[in-house]
Amino acid sequence: MIWLLILFLSLLAASLWILTLLGMPGNWGLLALAAGVAYFSPDEHSMGVEVIALGSIFLLAVAGEVVEFFAGAAGVNQLGGSRKGSVLALLGSVVGAVVGLFVGMPIPIIGSLLAALFFGGLGAFSGAVAGERWDGKEWDLAIRIGWGALWGKLLGTLLKAICGTIALVILLVALWT
């Protein structure tokens, strides 16, 4: 019976990891799941989630947020972007990811993920261009900064997903051993 619970928790963990690809706080969800398992499981069935696993997942969640933030900001700031461009790029990437999730592509499951990534990058691009134009920059410079925001967003999402993948593996190993 315990293996059914572990299987359910493993599927839930994988679902939380997928949220990371959508620009959502999936890594923090993995940490909350690991903490819940460690706290609520009986002592004879601790499911292997101990302090070292929790600490590692916490550090990976923090690292994922830090690298995502700095990669996205670097994409705008490295090309001379303004604070308005950075803020609107961040807002645009979140809105774009949510829109992409619902719009999706005709390919089941993976299509929605790809659309969320694409629309998140497109939202970062649009937000950065709007912010730079609002700040008074010319179209060509605003578009270059927008491309920087798009690539920064995609790089940040990739790095955050790598941190989330490692956290997921730690949690799954802890659950199944």
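Every number here is computed from the coordinates shown, using simple stated rules; none is lab data. Keep in mind that what you see is a predicted model, and the values were worked out from it rather than measured. Note that each Cβ is placed from the backbone with ideal geometry, even for glycine, and that neighbours are counted across all protein chains shown.
Compared with the dominant Cα axis of the chain, that is its longest principal axis, helix 2-21 is turned about 10°.
Amide hydrogen proximity for Gly23: with H placed 1.01 Å from N in the peptide plane, no residue at 5 or more positions away or on another chain lies under 5 Å. Quick one: if the Förster radius is 45 Å, what FRET efficiency do Thr165 and Glu138 give, using the C-beta to C-beta distance and rounding to 0.05? The value I calculate is 0.65. Could you tell me the distance between the Cα centroids of the stretch 8-25 and the stretch 109-157, to the nearest Å? Cα centroid of the stretch 8-25 versus Cα centroid of the stretch 109-157: 24 Å apart.
Here's the list of lysines a cross-link from Lys137 could span, going by alpha-carbon distance under 20 Å and ignoring same-chain residues fewer than 8 apart: Lys84.
For the chain, what is the charge dipole size about the Cα centre, in debye to the nearest 20, if Lys and Arg each add +1 at the Cβ and Asp and Glu each add -1 at the Cβ?
My answer is approximately 500 debye.
Note the listed values [x] -0.60, -0.67, -1.00; [y] -0.57, -0.67, -1.14; [z] -0.69, -0.75, -1.08, then indicate which one is log10 I(q)/I(0) by the Debye sum over Cα atoms at q = 0.12, 0.13, 0.18 Å⁻¹ calculated from this particular structure. The listed entry that was calculated here is [x].
Using the rule -39500 (n - 2.57) for each DSSP H run of four or more residues, divided by the residues of the chain, the 222 nm mean residue ellipticity is -29000 deg cm²/dmol.
Against the main long axis of the alpha-carbon atoms of the chain, helix 26-40 sits at an angle near 20°.
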